[in-house]
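Quick notes on the structure that follows.
The values are calculated or read from the model by the stated rules, or taken from the named source; none is laboratory data. Source: prediction; values computed, not measured. Cβ placement follows ideal geometry from the backbone for every residue including glycine, while neighbour counts extend to all protein chains displayed. Surface areas here come from the heavy atoms of the whole protein model, side chains and all, with no ligands, DNA or RNA. Shrake-Rupley method; radii C 1.70, N 1.55, O 1.52, S 1.80 Å.
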Amino acid sequence: MSTQPASTEQVWAWLGEVSDPEIPVISVVDLGIVRAVAWEDTTCVVTITPTYSGCPAMTVIADSVRDALHGHGVPEVRLVNQLSPAWTTDWMSDAGKAALKGYGIAPPAQQVIDISGLHAGVKRVAAPKLVVICPNCDSGHTELTSQFGSTPCKALYKCLDCREPFDYFKCH
């Protein structure tokens, strides 16, 4: 007979306390990296998806997940890296987006577009101009400074009203 050290709901709550190493104000759960939690006998299986292939933070995230669960008495933890479907900013929680904004990073401004219905010969419609809201003063009067911010997931913008630079978490 096997006994699980904790409920699946409790494990999700514990993982909600694990911060992203690059953006410490958002948890790996609110970022949408944790995809599933399950029990196989006494082993807690946590499925994670990197924000992009080759993300250097995934090793630190995996270690932090293991450490957090071991710290709460879960003796056996197995991590599964799931690459498909690819992570998308659509998986971020509203609480995570609010945490980004409070930290001075503009959260994704749009949902990722579903391209599964595109076929050869179908007329493509231009995407509307992206309006990135300044996390400091809430102005939409901003401009892109660089496609590359402090991490590959972010771009650098500046606000034309308050004149402050800020990171924008890119949609993908």
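See the values below:
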quantity: Pairs with Cβ under 7 Å, 6+ apart, first in region 135-153 and among the hydroxyl-bearing types (Ser, Thr, Tyr) and part of a loop (DSSP other than H, G, I, E, B), second open to solvent by 40 Å² or more (accessible area, probe 1.4 Å) and at pLDDT 95 or above; calculated: Ser139/Asp161; Ser139/Cys162
quantity: Filter result (among the charged types (D, E, K, R) and under 15 Å from Arg66 (Cβ atoms)) within region 13-29; calculated: Glu17
quantity: Restricting region 76-107 to residues that are under 22 Å from Ser64 (Cα atoms) and assigned to a loop (DSSP other than H, G, I, E, B), the residue that is nearest to the chain's Cα centre (by Cα); calculated: Met92
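Results for (1) surrounded by 13 or more Cβ atoms within 10 Å (Cβ to Cβ); (2) not in a loop (DSSP other than H, G, I, E, B); (3) not hydroxyl-bearing (Ser, Thr, Tyr), shown as yes or no for each residue.
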| position | (1), (2), (3) |
| --- | --- |
| Ala6 | yes, no, yes |
| Gln10 | yes, yes, yes |
| Pro21 | yes, no, yes |
| Arg35 | yes, yes, yes |
| Trp39 | yes, yes, yes |
| Val46 | yes, yes, yes |
| Gly54 | no, no, yes |
| Ala68 | yes, yes, yes |
